[in-house]
Amino acid sequence: MSKAKKKTEAATARAFHYDVIVSPIITEKSTAASEQNKVMFNVRLDANKDDIKSAVEALFNVKVAAVNTLRRLGKQKRFRNTIGKQSDTKKAIITLVEGQSINLEGGLK
């Protein structure tokens, strides 16, 4: 395999990792969970636990102990006379290995 092809595959894999994780969740609940080595992210609806684990390990250079996911189905909401639907979302709660941490204030490089 040529060096250029390996470089292209690495860039494609890294782009995939950025696609899996949509955004961090920064709430009171997630801040309280960070004391127990847990971090929360919004992820793509079609992402599975293996994809999420490899994306977090690749982007943040940490070891992941466990990944828990949950789906929140969008509700129907009414605004004046218009009925709309909120989007479905998927959350991932990542438990890091003891001694590992992610600083979400700095952003990704």
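A short reminder: the numbers here are calculations on the coordinates, not readings from a lab. Since the model is a prediction, treat every value here as computed from it, not as a measurement. Cβ placement follows ideal geometry from the backbone for every residue including glycine, while neighbour counts extend to all protein chains displayed.
Only one of (1) more than 11 Å from LYS90 (Cα to Cα); (2) without any contact (Cβ under 8 Å) to a residue 40 or more places away in the chain fails for ASN37. Which number is that?
(2)
List the residue pairs whose Cβ atoms are under 9 Å apart, where the first residue sits in the range 80-91 and is assigned to a loop (DSSP other than H, G, I, E, B), the second is loosely packed, with under 10 Cβ neighbours inside 10 Å and among the small types (Gly, Ala, Ser), and the two are 6 or more positions apart or on different chains.
Once the first residue is assigned to a loop (DSSP other than H, G, I, E, B) and sits in the range 80-91, no partner that is loosely packed, with under 10 Cβ neighbours inside 10 Å and among the small types (Gly, Ala, Ser) comes close enough.
Looking at the range 34-69 only, could you name the residues that are touching a Ser or Thr at 6+ places or on another chain (Cβ under 9 Å) and among the aliphatic types (A, V, I, L, M)?
VAL39, MET40, VAL43, LEU45, ALA47, ILE52, VAL62, VAL64, ALA65, ALA66, VAL67
Determine whether the range 90-97 contains at least one residue that is in contact with a helix residue (DSSP H, G or I) (Cβ under 7 Å, 6 or more places away or on another chain), closer than 22 Å to PHE16 by Cα and surrounded by fewer than 13 Cβ atoms within 10 Å (Cβ to Cβ).
No, the range 90-97 has no match at all.
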